[in-house]
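These notes concern the structure reproduced below.
Each reported figure results from applying straightforward, stated rules to the coordinates on display, with no laboratory input. All values reported here derive from a predicted model rather than from experimental measurement. Don't worry about glycine lacking a Cβ; one is built from the backbone with ideal geometry, like all the others, and counts go over all protein chains shown.
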């Protein structure tokens with residue numbers, strides 16, 4: 001088991017004195033975790049002590065054909081979220097990119113669960129204490145809202161597409177509700 005380290009960067013969160021630029025690639029290194037079955041929640045601390053880079057609430061993760069995307073729910077100067085992209089170049093090299101960082105109060109707020117849509121956008125569930133929504137983000141980083149939970153304060157979770165790519169499934173946490181959203185998704189794309 002390994003923890004991620006961004007070469008030359010002590011912190012990925014960009015809370016104080018942001019030092020990581022959006023859409024810039026950095027060299028990733030890997031810090032070996034020796035105790036992979038601890039009795040207590042100590043693996044993250046072992047990684048940090050050995051030079052791993054701290055991330056802020058890494059939660060949702062998804063892979064496309066070229067990379068991994070990881071939602072860090074409370075990263076960024078506003079603490080409203082980041083989406084990281086991990087790009088394996090070859091067996092010996094990995095790069096990491098801050099692919100998206102929430103910059104305002106009007107768009108995405110605390111990204112959590114995530115899936116790659118059949119057309120290449122990311123579909124992202126929010127996890128915050130106000131209004132939880134379901135967002136799409138284009139490959140160029142432009143967000144667009146798909147749905148808003150007005151039924152309850154629960155977050156959307158477990159987002160995925162049907163094998164035929166025409167139905168999006170998403171759950172409402174704490175309510176035991178699964179939603180099925182059908183449609184011509186090509187018309188949703190902004």
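If you wrap a convex hull around the Cα atoms of the chain, how much volume per residue is inside, in Å³?
Values: hull volume 27.7 nm³, N = 190.
Taking the convex hull of the Cα positions in the chain, it is 146 Å³ per residue.
May I ask for the distance between the Cα centers of segment 115-190 and segment 48-76, given as a whole number of Å?
20 Å
Per DSSP H run of at least 4 residues, take -39500 (n - 2.57); add these up for the chain, divide by its residues and hand me the 222 nm value, nearest 500 deg cm²/dmol.
The helix contribution divided over the chain gives -1000 deg cm²/dmol.
Fewest Cβ neighbours within 10 Å first, please rank 33, 83, 89 accordingly.
Ranked by crowding around the Cβ, least crowded first: 89, 33, 83.
Quote to one decimal, in nm, the extra length available between residue 23 and residue 186 on full extension: 0.36 nm per residue of separation minus the C-alpha distance between them. Before the final figure, lay out the partial values.
Details: separation 163, 0.36 × 163 = 58.68 nm, distance 2.57 nm.
So the chain would gain 56.1 nm between residue 23 and residue 186.
Rank 165, 92, 40 by mean-square fluctuation in a GNM of the chain with C-alpha springs under 10 angstrom and give only the top-ranked residue.
So, out of 165, 92, 40, the one fluctuating most is 40.
Most fluctuating residue of 109, 171, 17 in a GNM of the chain with Cα springs under 10 Å: which is it?
Largest GNM mean-square fluctuation: 17.
Given springs between every Cα pair under 10 Å in a Gaussian network model of the chain, which of 36, 96, 62 has the largest fluctuation?
36
Please list 172-182, 117-127, 153-163 highest first by mean number of surrounding beta-carbon atoms within 10 Å per residue. It would help to have the intermediate numbers written out before the result.
On the way: 172-182: 12.9, 117-127: 21.3, 153-163: 16.5.
With the highest mean Cβ count within 10 Å placed first, the list reads 117-127, 153-163, 172-182.
Under a plain spin-label model, where a point goes 7 Å from the Cα along Cα-to-Cβ, how far apart in nm are residue 30 and residue 129?
3.8 nm
Given a Förster radius of 22 Å and the C-beta distance between residue 152 and residue 106 as r, what FRET efficiency does 1/(1 + (r/R0)^6) yield to the nearest 0.05?
Numbers: r = 23 Å, r/R0 = 1.03.
E(calc), rounded to 0.05, equals 0.45.
Assuming R0 = 30 Å, can you tell me the calculated FRET efficiency for the pair residue 65 and residue 42, based on Cβ-Cβ distance, to the nearest 0.05?
Values: r = 35 Å, r/R0 = 1.16.
About 0.30, to the nearest 0.05.
Please arrange 107, 12 by how many other C-beta atoms lie within 10 Å of their C-beta, fewest to most.
On the way: 107 17, 12 24.
Going from least to most buried by this count: 107, 12.
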